[in-house]
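Heads up, the thing below is written out as structure tokens.
The values are calculated or read from the model by the stated rules, or taken from the named source; none is laboratory data. Being a predicted model, the structure only gives us computed values, none of them experimental. Cβ coordinates were reconstructed from backbone atoms using ideal geometry, including for glycine residues, and neighbour counts include every protein chain displayed.
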Amino acid sequence: MENKFLFVCNFKMNYVKPLSYKKAINGEQLSNLILLPNFCDIKSFRRYKKNYSVSIGAQNVSEFSSGAHTGEVNAEMLKKAGADYCVVGHSERKKYNLESLAQTRKKVVELLKYNITPIICVGEEIVLSVNNEQKQADYAKKYVVEELKIILKDIDASKVIIAYEPIWAIGTGKVASKKHIQIVISAIKTYAHSSKILYGGSFNISNYKEIVGIKNLNGALVGGESLNPHNIIAMIKQI
Ligand code: PGA
């Protein structure tokens, strides 16, 4: 998995049949593919770990380790179910569940106790008053580094993956420009040089070739396009 471009597929709250990925994988060993189904389907997907080297993860975890937290799932439960990765701090959790950076940090701590690799999402809202590309990117890099300062406080950066997802690019069909991504990725690299870094936000089969070559970029966090297993496997084979 070391140097291969990672494809982290976040199905969100969409049902994806395990069989649809099995058909698209078609017997290949794909150690750079990480699938993030809903909690209930983690066990259905985990057989692909053994059969095709695919990794499985979750989309969220509780910040608590146990106790009276109705509806929550802790890191130990995820590990037992078969998850080796888990997304934290996704912008949809910040928006709909008001997840704070301090909570995201607690989730990272919980995951690391169970050897689950946290995939930490950071990213800025668009600033409409800034219409200059360089200024927008400068704003973005400062914003994400401030987020990382809180989330990674006293955390070993080599144990986490950081996903740069500009909020305005998520699910909108608007991809950040190559220059913008480059500027922000290089700031993340300077701050957390031992972390792997992903880009996310409307990444798909028609724009991936532009993005994969970006310096210090180790992979993509893919939402909408992950519902199309054939396109995911086609991109993996092309790279
Ligand atoms: P998208 O989602 O690819 O549909 O923009 C990315 C994400 O939310 O991680």
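Which numbered condition trips up ILE151, out of (1) over 24 Å from ASN204 (Cβ atoms); (2) free of Cβ contacts under 8 Å to residues at least 60 places away in the same chain?
(2)
How about region 54-104: which of its residues are in contact with a helix residue (DSSP H, G or I) (Cβ under 6 Å, 6 or more places away or on another chain), more than 15 Å from the ligand (Cβ to nearest atom) and closer than 18 Å to LEU36 by Cβ?
Once the filter is applied, which keeps residues that are in contact with a helix residue (DSSP H, G or I) (Cβ under 6 Å, 6 or more places away or on another chain), more than 15 Å from the ligand (Cβ to nearest atom) and closer than 18 Å to LEU36 by Cβ, region 54-104 yields VAL54, ILE56, VAL61, VAL73, ALA75, ALA81, GLY82, ALA83.
How many residues does region 104-155 hold that are modelled with pLDDT of 95 or more, more than 23 Å from GLY223 (Cβ to Cβ) and not β-branched (Val, Ile, Thr)?
13
Looking only at residues in region 116-168 that are in a helix (DSSP H, G or I) and hydroxyl-bearing (Ser, Thr, Tyr), which one is nearest to the ligand (Cβ to nearest atom)?
Residue satisfying both the conditions and the ranking: TYR143.
Name the residue that is farthest from ASN10 (Cα to Cα), counting only residues in region 169-208 that are within 12 Å of the ligand (Cβ to nearest atom) and of a type in the set (Val, Ile, Thr). Before you say what the answer is, go through the steps one by one.
Here is the first cut: in region 169-208, the residues within 12 Å of the ligand (Cβ to nearest atom) are 169-176, 198-205, 207-208.
Filter again for of a type in the set (Val, Ile, Thr), leaving 170, 172, 175, 205.
Working: ILE170: 12, THR172: 16, VAL175: 17, ILE205: 15 Å.
Going through the qualifying residues, I end up with VAL175.
Could you list, in sequence order, the residues of region 190-218 that are in a loop (DSSP other than H, G, I, E, B) and in contact with a strand residue (DSSP E or B) (Cβ under 9 Å, 6 or more places away or on another chain)?
Keep residues of region 190-218 that are in a loop (DSSP other than H, G, I, E, B), which gives 192-195, 201-207, 213-218.
Passing the criteria: ALA192, SER195, GLY201, PHE203, ASN204, ILE214, ASN216, LEU217, ASN218.
Regarding ILE233, is this residue surrounded by fewer than 23 Cβ atoms within 10 Å (Cβ to Cβ) and either assigned to a helix (DSSP H, G or I) or not small (Gly, Ala, Ser) (or both)? Break it down into steps so the answer makes sense when it comes.
Working: surrounded by fewer than 23 Cβ atoms within 10 Å (Cβ to Cβ): yes; either assigned to a helix (DSSP H, G or I) or not small (Gly, Ala, Ser) (or both): yes.
Against the criterion (surrounded by fewer than 23 Cβ atoms within 10 Å (Cβ to Cβ) and either assigned to a helix (DSSP H, G or I) or not small (Gly, Ala, Ser) (or both)), ILE233 qualifies.
Filter region 5-40 for residues that are of a type in the set (Lys, Arg) and in contact (Cβ under 8 Å) with a residue 60 or more places away in the chain; which is surrounded by the most Cβ atoms within 10 Å (Cβ to Cβ)?
Narrowing region 5-40 to residues of a type in the set (Lys, Arg): 12, 17, 22-23.
From what's left, in contact (Cβ under 8 Å) with a residue 60 or more places away in the chain: 12, 23.
Values: LYS12: 17, LYS23: 12.
Filtering first and then ranking leaves LYS12.
Residue check, GLY173 against (1) in a loop (DSSP other than H, G, I, E, B); (2) surrounded by 14 or more Cβ atoms within 10 Å (Cβ to Cβ); (3) touching a Ser or Thr at 6+ places or on another chain (Cβ under 7 Å), all met but one. Which one?
So the condition that GLY173 fails would be (2).
For LYS113, all conditions in the list (1) free of Cβ contacts under 8 Å to residues at least 40 places away in the same chain; (2) exposed (fewer than 15 other Cβ atoms within 10 Å of the Cβ); (3) under 25 Å from LEU35 (Cα atoms) hold save one; what is the number of the exception?
Against the list (1) free of Cβ contacts under 8 Å to residues at least 40 places away in the same chain; (2) exposed (fewer than 15 other Cβ atoms within 10 Å of the Cβ); (3) under 25 Å from LEU35 (Cα atoms), LYS113 comes up short only on (1).
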